[in-house]
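> Sharing a structure here in C-alpha cells format.
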Amino acid sequence: MKKLLFLLVFCACAFGTMAQSVSESTIQKRENRKGMVLKEWNTAAGDKRAFLDRVTTYDEMGRKIEEIEYASYGQKWRIVFEYPQNSDITAKVVREIEYNDRDKVTRIRKYEYNDDGSKKCQKNYYPNGKLESVKTFEYVPK
C-alpha cells in the first residue's frame, strides 16, 4: 500500500513538473515569435530558383494568427487562427477559418479544451455554419 501511494505521489509530481516545463517552453517560443513573419522557401532539385512555399504570421504575443500555403500558381490555402478575447500568451486556438486558393471559406473548426489544457473536441463546420462533424479526443494512459 505504501509503495502504491509513493508511486501515485511520484507520478503526480512528475506530471506537474512536466506540464510546467511544457508551458514554460510554449511561453518562450511565443516570446521569440512576437510580431514575426516566417517565410519558408523551397528549391527544386537541379533548379536554382527558390519559390515561396509557406508564410506564417504571429501576433504581438507570439501566437500564430495566419498560415498561407503557396504553389507555383499562387495561394493554395490560408488558415486564420483565433484566440479568446482578452486572452494571455498561453491561450489556445478556439477557432480556425480555412480559405481556398480564391480566398473563399472552405471550413471552420472550433475547439474545446479540458481543464488541463488538452483538446476535448474539434467541431468542423461548412462555410454556411452548418455542423459537418465532431472529433473527440480520448487520452488513454499507457
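Derivation of every value follows stated rules applied to the coordinates shown; laboratory data play no part. In this text, all values refer to a predicted model and were calculated from it rather than measured experimentally. Note that each Cβ is placed from the backbone with ideal geometry, even for glycine, and that neighbours are counted across all protein chains shown.
> Tally Lys and Arg at +1 and Asp and Glu at -1 over the other residues with C-beta under 13 Å from the C-beta of residue 39: what net charge comes out?
Summing Lys and Arg as +1 and Asp and Glu as -1 gives -4.
> Would you work out if the stretch 48-104 is rounded, prolate or oblate? Take a ≥ b ≥ c from the square roots of the eigenvalues of the alpha-carbon gyration tensor; rounded if a/c is under 1.5, else prolate when a/b is larger than b/c, oblate otherwise.
Oblate, since a/c reaches 1.5 and b/c is not below a/b.
> Would you grab the residues whose amide H sits under 5 Å from the one on residue 120? Only those 5+ places off in sequence or on another chain, please, with H modelled 1.01 Å from N.
Amide H neighbours of residue 120: 112, 113, 114.
> Under the classification rounded if a/c is under 1.5, otherwise prolate if a/b is larger than b/c and oblate if not, where does the stretch 79-142 fall, given a ≥ b ≥ c as square roots of the Cα gyration tensor eigenvalues?
In terms of gyration-tensor shape, oblate.
> Let me check I've understood the local charge: for residue 124, count other residues with C-beta under 9 angstrom from its C-beta, Lys and Arg +1, Asp and Glu -1. What total comes out?
+4
> Right, another one. From the phi angles alone, apply the Karplus equation (6.51, -1.76, 1.60; θ = phi - 60°) to the stretch 126-135 and give each ³J(HN,Hα) in whole Hz, x where the residue is Gly or Pro.
So the J values, rounded to whole Hz, are 6, x, 7, x, 6, 5, 9, 6, 10, 10.
> Let me ask something else about it. Once phi is turned into ³J(HN,Hα) by the Karplus curve 6.51 cos²θ - 1.76 cosθ + 1.60 with θ = phi - 60°, what whole-Hz value does each residue of the stretch 26-32 show in order, with x for glycine and proline?
Per-residue couplings from phi come out as 4, 4, 4, 4, 5, 4, 5 Hz.
> Can you bin the stretch 33-136 into rounded, prolate or oblate? Criterion: square roots of the alpha carbon gyration tensor eigenvalues sorted a ≥ b ≥ c, rounded for a/c under 1.5, prolate for a/b above b/c, oblate for the rest.
Judged from the Cα gyration tensor, the stretch 33-136 comes out oblate (a/c at least 1.5, b/c at or above a/b).
> I've got another one for you. Suppose the chain between residue 103 and residue 142 were pulled fully straight at 0.36 nm per residue; how much longer would it get relative to their current alpha carbon spacing?
Once the chain is fully extended between residue 103 and residue 142, it gains 9.7 nm.
> Okay, moving on. Sorted from fewest to most neighbouring beta carbons within 10 Å, what does the list 36, 61 look like?
Fewest-to-most ranking of 36, 61: 36, 61.
> Quick one: 3J(HN,Hα) in Hz for the stretch 67-78, Karplus 6.51/-1.76/1.60 with θ = phi - 60°, rounded, Gly and Pro as x.
The phi angles translate into 9, 10, 9, 10, 10, 4, 8, x, 5, 8, 7, 9 Hz.
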